[in-house]
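Worksheet for the structure shown next.
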Amino acid sequence: QVQLVQSGAEVKKPGASVKVSCKASGYSFTDYYMHWVRQAPGQGLEWMGIINPSGGSTSYAQKFQGRVIMTTATSTDTVYMELRNLTSEDTAVYYCARDLHLVVGQFDPWGQGTLVTVSS
Amino acid sequence: QSVLPQPPSASGAPGQRVTISCSGNRSNIGSSPVNWYQQLPGTAPKLLIYNTHQRPSGVPDRFSGSKSGTSASLAISGLQSEDEGDYYCAAWDDSLGGPYVFGTGTKVTVL
């Protein structure tokens, strides 16, 4: 079955970077774009950006421009999201989600989420 | 990054109908398909409605989506206890590659 499995929880200090992975299985990895979405504790969903696993082209939300890098490894069917210069406001659960139809923007499925805690 | 306003909460007794609104503008809901996501407590979001009114396989027909102009709605009929959770609308904004925006979220409580 189609599945996205993310890396485990991380604890980082302010100013550090974090890199979260998302391994896809059950479908042709390069056929579908992948998004990253985060959710701060008790808050709503926030879109971070999108990557095309075939070729690696990206588009980031303006808020994260210059601080986020999304990459892909077709040899392992894995996408990565690196966020730099972390602050306490980056404490959140980070999700990857496959886009089934780019024009529609239908995210299905989602990874299980990775909790990133930023604390001194 | 803009968000789409939703009522913070909605509730109903088992079996009743609940409707959630999602407000946008011409650059998002007014020009793009709307999707709805369900997030049950402690779990990742799940696609509930896509392309404004279509249901993925496995989603009961108690859930329905619609759009009129720059606003969208999600209706849950025959409310069940397992429907308790948060519901988010979402759509592309402005153009492909532009920001994907989520609604503020609505917490549904079954009384």
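Numbers below:
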quantity: Any hit, the stretch B:95-107, residues being over 23 Å from residue A:52 (Cα atoms) and part of a loop (DSSP other than H, G, I, E, B); calculated: yes
quantity: Matching residues in the stretch B:67-92 - criterion: being polar (S, T, N, Q) and closer than 26 Å to residue A:38 by Cα; calculated: B:70, B:71, B:73
quantity: Strands (runs of 3 or more DSSP E) wholly inside the stretch B:1-61 containing at least 3 residues that are farther than 30 Å from residue A:63 by Cα and in contact (Cβ under 8 Å) with a residue 60 or more places away in the chain; calculated: B:9-12
quantity: Residue within the stretch A:8-22 that is in contact with a Lys or Arg (Cβ under 8 Å, 6 or more places away or on another chain) and of a type outside the set (Lys, Arg) present; calculated: yes
quantity: Candidate set from the stretch B:82-100 (those that are crowded, with 17+ Cβ neighbours inside 10 Å and modelled with pLDDT under 95); member that is farthest from the other protein chains (Cβ to nearest Cβ); calculated: B:93
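Listed here are the residues, each with its yes/no results for (1) among the polar types (S, T, N, Q); (2) within 23 Å of residue A:30 (Cβ to Cβ); (3) out of contact with any Lys or Arg (no Cβ under 6 Å at 6 or more places or on another chain).
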site	(1), (2), (3)
A:51	no, yes, yes
A:63	no, no, yes
A:67	no, no, no
A:78	yes, yes, no
A:84	no, no, no
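The values are calculated or read from the model by the stated rules, or taken from the named source; none is laboratory data. Since the model is a prediction, treat every value here as computed from it, not as a measurement. Note: ideal-geometry Cβ built from the backbone for every residue, glycine included; neighbour counts use all protein chains shown.
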